[in-house]
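Take a look at the structure below.
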Amino acid sequence: MDIKTAQEVLACLPVGKTPFYYYKDRYAVFLLSQVIGRQCAIADLKKSAYSGLLHKPLVKDVLAQSGDGQLRQEHLSLAWGNRIDPFLLTLDIWDDKDRSWDQVSRNGYSLVLQLNFSNKHDEFFKRLAEPSDYHQFNCSMHPVLKRQQRDFFRETLAWARIDFDFNTNEALIEELQTDWLRRAKRLLGEIQSGKTRFYNLGANAKPEKLRCYLEAVLADYGDIWDEALLTAALQFIRQELGIAKIYLHTPETGGAIKRIKYTQPPRSLYSSLPRKFCFRQTDKAPEFLQQHRTFRKLEKRLGGTQWHVINLGGNYADITKTATEKPGRPVTLVA
């Protein structure tokens, strides 16, 4: 997107603390809340592309509250996990004028939705790791929250980079990434093998304390960070930007379109994760990309592209498992 659009969005949103709470499988509740309208028949959902969500324990508990075979918004609003992790969301703009470094699908800027740790985590991290201000868990050259950037500071667990176009009502999630957990896993392996490098962690870092922290953070966030990040991104795009049609790269197309020269991102983030979230695959690229001659030439050279897409909103956008790009039938809203 252009810088003016990015800055206007940034100016319209709160700059203070935006809390975000996540519990395991919250994504399933969120997705259902976006596609059922005010209510819909559970039998219809079982035939839809969202049928897999109904098997989540959290959703099963919700369905048990329905005595007439209808799933309602008020049922979903009561869903709550046993363990709730608090995060802080912040928004920034990303562009370094180098398309290969920026890893964007078209020239321009990205919005960055940052999923930041809570103060509880940060205090735990400081106490056990005793880090310097610039440590090895986050790369300052990546789109993480920077010190002195706001009135408060939190360490960034992960981020999502987003491009969008209000004219076509489409958004593309360019990237989902965590430096923190990837580097924590690597450092734990070094400690276990006795080949530890405590660069930028301060002179007082102790292996036993650091190992305690690393084991705790990987256990607490390792299996939810991607769910939490993609849920936060979808919620932001749908509720703040008002965009319903959302794309995500596939591994092969993403690597080619974004010109990723070196290490490819984990395949699961662009394959099994979108499947879990009920995205469907399509060979039709976002319309706002098709408007660019450079993209059309690249797509032709590649022999076509593949994408994940989901259409959120108060209708059955994907009511059947063999859904096409055409909108599905509308939900019958019942008072």
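Let me confirm something: among Arg186, Arg161, which residue is among the charged types (D, E, K, R) and surrounded by fewer than 20 Cβ atoms within 10 Å (Cβ to Cβ)?
Arg186
This table checks each residue for (1) more than 22 Å from Ala232 (Cβ to Cβ); (2) assigned to a strand (DSSP E or B); (3) small (Gly, Ala, Ser); (4) modelled with pLDDT of 95 or more.
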{"site": "Gln114", "(1), (2), (3), (4)": "no, yes, no, yes"}
{"site": "Asp133", "(1), (2), (3), (4)": "yes, no, no, no"}
{"site": "Gln136", "(1), (2), (3), (4)": "yes, no, no, no"}
{"site": "Thr168", "(1), (2), (3), (4)": "yes, no, no, yes"}
{"site": "Ala171", "(1), (2), (3), (4)": "no, yes, yes, yes"}
{"site": "Arg183", "(1), (2), (3), (4)": "no, no, no, no"}
{"site": "Leu188", "(1), (2), (3), (4)": "yes, no, no, no"}
{"site": "Ile191", "(1), (2), (3), (4)": "yes, no, no, no"}
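Specify the residue that is farthest from Leu289 (Cα to Cα); the eligible residues are those in the stretch 1-20 that are touching a helix residue (DSSP H, G or I) at 6+ places or on another chain (Cβ under 9 Å) and either among the β-branched types (Val, Ile, Thr) or touching a residue at least 40 places away in the same chain (Cβ under 8 Å) (or both).
My answer is Phe20.
On the basis of being at pLDDT below 90 and either within 16 Å of Glu240 (Cβ to Cβ) or buried (at least 16 other Cβ atoms within 10 Å of the Cβ) (or both), does Leu10 make the cut?
In short, yes.
Please go through the stretch 84-98 and pick out each residue that is in contact with a Lys or Arg (Cβ under 7 Å, 6 or more places away or on another chain) and either more than 30 Å from Lys146 (Cα to Cα) or at pLDDT below 90 (or both).
Trp94 - this is the single residue of the stretch 84-98 that is in contact with a Lys or Arg (Cβ under 7 Å, 6 or more places away or on another chain) and either more than 30 Å from Lys146 (Cα to Cα) or at pLDDT below 90 (or both).
Could you grab me the full set of residues in the stretch 24-50 that are in contact with a Gly (Cβ under 7 Å, 6 or more places away or on another chain), within 13 Å of Val62 (Cβ to Cβ) and either charged (D, E, K, R) or modelled with pLDDT of 95 or more (or both)?
Within the stretch 24-50, just Arg26 meets the criteria.
What are the residue pairs meeting all of these: first residue in the stretch 168-194, first residue free of Cβ contacts under 8 Å to residues at least 40 places away in the same chain and closer than 21 Å to Asn116 by Cβ, second residue among the small types (Gly, Ala, Ser) and surrounded by 14 or more Cβ atoms within 10 Å (Cβ to Cβ), Cβ atoms under 7 Å, and 6 or more apart or on different chains?
As it stands, the answer is none, since no pair meets every condition given.
In the set Arg267, Arg259, Arg296, Arg301, which member is within 15 Å of the chain's Cα centre (by Cα) and either modelled with pLDDT under 95 or surrounded by fewer than 16 Cβ atoms within 10 Å (Cβ to Cβ) (or both)?
None of the other options fit; the residue is Arg267.
In the stretch 37-65, which residues are part of a helix (DSSP H, G or I) and within 10 Å of Ala79 (Cβ to Cβ)?
Matches in the stretch 37-65: Leu58, Val59, Asp61, Val62.
Is there any pair linking a residue in the stretch 123-150 that is polar (S, T, N, Q) to one that is in a helix (DSSP H, G or I), with Cβ under 7 Å and at least six apart or on different chains, and which?
Gln136/Arg183; Asn138/Asp179; Asn138/Trp180
The values are calculated or read from the model by the stated rules, or taken from the named source; none is laboratory data. Note that this is a predicted model, so its numbers are computed, not measured. Glycine gets a Cβ as well: all are built from the backbone with ideal geometry, and neighbour counts include every protein chain shown.
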